[in-house]
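Please read the structure below before turning to the comments.
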Amino acid sequence: MATSLLKTPSLSMRTRLLHPTGLSIYNTLHGFSEGEVKKKLQQFSGGSIDLQKEDNGIGILTLNNPSKMNAFSGVMMLQLLEKVIELENWTEGKGLIVRGAKNTFSSGSDLNAVKALGTPEDGMALCMFMQNTLTRFMRLPLISVALVQGRALGGGAEFTTACDFRLMTPESEIRFVHKEMGIIPSWGGASRLVEIIGSRQTLKVLSGALKLDSQKALNIGMVEEVLQSSDETKSLEEAKEWLKQFIKGPPEVIRALKKCVSSGKELCLEEALQNERDLLGTVWGGPANLEAVARKGKFNK
């Protein structure tokens with residue numbers, strides 16, 4: 001019976017589209033040419049996106065452009081997509097910490113690229129490219145944490161919302177400054193922020209370009225905790241310890257849990273339930289399940 005249930009008809013088109021790795025929101029049907037956008041972004045060099053994968057299943061993604069407060073150059077946007085693809089295929093991974101180099105998170109987009117890509121068409125293309133990238137990032141089967149040291153402004157603030165959780169150091173701040181630049185968030189930050197803190201708080205934060213210090217961000221539910229240290233190295237160690245409590249266990253189980261929660265956020269109930277069923281089929285009777293059953297017998301109370 002269990003075998004036949006697991007072989008029930010395939011998921012709806014919407015469900016099938018959500019979970020395969022490498023899928024983006026926009027494509028040529030939307031008038032989006034990824035190749036053309038990449039050619040334009042390649043012209044704006046500077047900085048790097050660095051990825052360190054540790055043996056304990058934690059990855060450290062570092063935004064590294066300290067001379068410009070870790071602003072995203074065009075090349076960094078391209079490298080971010082490359083790192084997301086690498087993480088999609090990291091089967092041993094369980095968790096991810098996103099941070100900025102030199103004790104600051106990110107000031108958003110490099111203004112040199114913003115000025116050069118000044119037409120509405122360029123803005124729309126860049127919007128679709130970064131929404132594609134950060135949506136794929138958000139759907140990674142890894143539990144992700146943004147470690148906000150220093151300032152997270154504009155696009156940097158938007159990036160924090162693509163992570164599952166956010167931690168701040170005592171003297172850090174998050175600020176969506178888009179209104180002061182005469183625009184609105186375009187990397188998906190507004191939509192994700194509504195889910196994190198609700199529509200009323202989001203409207204206040206965006207329309208007021210509010211400076212969210214660590215205590216205010218904690219009070220409105222933007223962040224999980226304020227860390228004890230503002231030191232770059234110590235706060236990273238604190239973030240690792242915080243994350244470890246949620247990634248104990250085999251990678252296949254942690255990754256299935258993350259996928260299950262992702263589908264619950266994005267799909268209607270029936271489709272999410274179907275996806276939960278299919279994910280169960282990947283771990284039920286697997287090594288971790290069999291070992292746990294053998295260890296605990298009949299789950300003695």
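The values are calculated or read from the model by the stated rules, or taken from the named source; none is laboratory data. Quick caveat: nothing in here was measured; it's all calculated off a predicted structure. All Cβ positions, glycine included, derive from the backbone under ideal geometry; neighbour counts span all protein chains shown. In case anyone asks, the SASA skips ligands and DNA or RNA and just uses the protein heavy atoms, side chains included. Shrake-Rupley method; radii C 1.70, N 1.55, O 1.52, S 1.80 Å.
Yes or no, residue by residue, for (1) over 16 Å from Glu82 (Cα atoms); (2) modelled with pLDDT under 95; (3) open to solvent by 60 Å² or more (accessible area, probe 1.4 Å); (4) touching a Leu at 6+ places or on another chain (Cβ under 8 Å):
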residue: Arg14; (1), (2), (3), (4): yes, yes, yes, yes
residue: Leu17; (1), (2), (3), (4): yes, yes, yes, yes
residue: Ser24; (1), (2), (3), (4): no, yes, no, no
residue: Asn27; (1), (2), (3), (4): yes, yes, yes, no
residue: His30; (1), (2), (3), (4): yes, yes, yes, no
residue: Glu54; (1), (2), (3), (4): yes, no, no, no
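Do we have Val114 as under 20 Å from Lys39 (Cα atoms), aliphatic (A, V, I, L, M) and crowded, with 23+ Cβ neighbours inside 10 Å here? The answer is no for Val114. You will find that of Glu92, Glu88, Glu82, the residue that is of a type in the set (Asp, Glu), farther than 21 Å from Glu180 by Cβ and without any contact (Cβ under 8 Å) to a residue 60 or more places away in the chain is Glu82 and no other. Could you say whether any residue in the range 60-67 is farther than 17 Å from Arg192 by Cβ, out of contact with any Lys or Arg (no Cβ under 9 Å at 6 or more places or on another chain) and surrounded by 21 or more Cβ atoms within 10 Å (Cβ to Cβ)? So far as the range 60-67 goes, yes, one or more of its residues are farther than 17 Å from Arg192 by Cβ, out of contact with any Lys or Arg (no Cβ under 9 Å at 6 or more places or on another chain) and surrounded by 21 or more Cβ atoms within 10 Å (Cβ to Cβ). Restricted to the range 246-264, and to residues there that are of a type in the set (Gly, Ala, Ser) and assigned to a helix (DSSP H, G or I), the residue that is most open to solvent (accessible area, probe 1.4 Å) is Gly264. Just one residue in the set Leu243, Leu279, Leu236 is in contact with a Cys (Cβ under 7 Å, 6 or more places away or on another chain), assigned to a helix (DSSP H, G or I) and surrounded by 14 or more Cβ atoms within 10 Å (Cβ to Cβ); that residue is Leu279.
Of Arg99, Arg139, all but one fail to be under 18 Å from Lys258 (Cβ atoms), charged (D, E, K, R) and touching a Leu at 6+ places or on another chain (Cβ under 9 Å); the exception is Arg139. Before we move on, is Asn219 polar (S, T, N, Q) and touching a His at 6+ places or on another chain (Cβ under 8 Å)? Considered against the rule, which asks whether it is polar (S, T, N, Q) and touching a His at 6+ places or on another chain (Cβ under 8 Å), Asn219 comes out as no.
Under 7 Å between Cβ atoms, at least 6 apart or on separate chains: pull out the pairs that start in the range 255-276 with a residue that is more than 18 Å from Phe165 (Cβ to Cβ) and end on any residue that is open to solvent by 30 Å² or more (accessible area, probe 1.4 Å) and aliphatic (A, V, I, L, M). From the range 255-276, the pairs are Ala256/Val283.
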